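First the structure, in the form of structure tokens, and then the observations on it.
Derivation of every value follows stated rules applied to the coordinates shown; laboratory data play no part. The structure displayed is predicted, hence computed values, not measured ones. Every residue, glycine among them, receives a Cβ derived from its backbone with ideal geometry; neighbour counts consider all protein chains shown.
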Amino acid sequence: MNNPKQAVILIIIEGKKVLLERRLPTSALPNHFLFPGGAIEEYELDHPILALKREAMEELGIIPIKFIAIKNFTGETGTLLKPFIVTVWQGTIPNKILDRGNPVFWESIEMVCRSPLESVQEMIKEAKKILSNNL
């Protein structure tokens, strides 16, 4: 049986804003706005926190300090998505994804709830529900 590809997703929240990346035209899901993240390596399959920390460093040069794993989702390409809400991190968020060059920016949580991608909508709504006392 073939297991689906898995990816860790970083839902980085500061106040009422969330960090998004705009995929380049040559990327998977070109020109869409997505949460940063990336493929889980085989050695990380049973330890997604390792993937979270590795992807946060590779993509943004940050170290997640406070984070919450939320339920898994299936992405538009069939990838099993393992999202984490990250509310505290060490380091400075850059203006682009370090390993791919996609620009990053802060967007209101309410705007992200209207994303055309169902997986993005579902993940931000779940994050909003979990953090509702803090938002």
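Shown for the stretch 1-103: lysine pairs separated by 8 or more places, or found on different chains, whose C-alpha atoms are under 16 Å apart, numbering 4. Comparing 35, 69, 111 along the charge dipole axis of the stretch 6-130, the residue lying farthest to the positive side is 111, per the Cβ-charge model. For residue 62, neighbours were defined as the other residues whose beta-carbon sits under 11 Å from its Cβ, and their charges (Lys and Arg +1, Asp and Glu -1) total -2.
Note on the stretch 1-106: Cα-only Rg and Dmax are 13.1, 43 Å.
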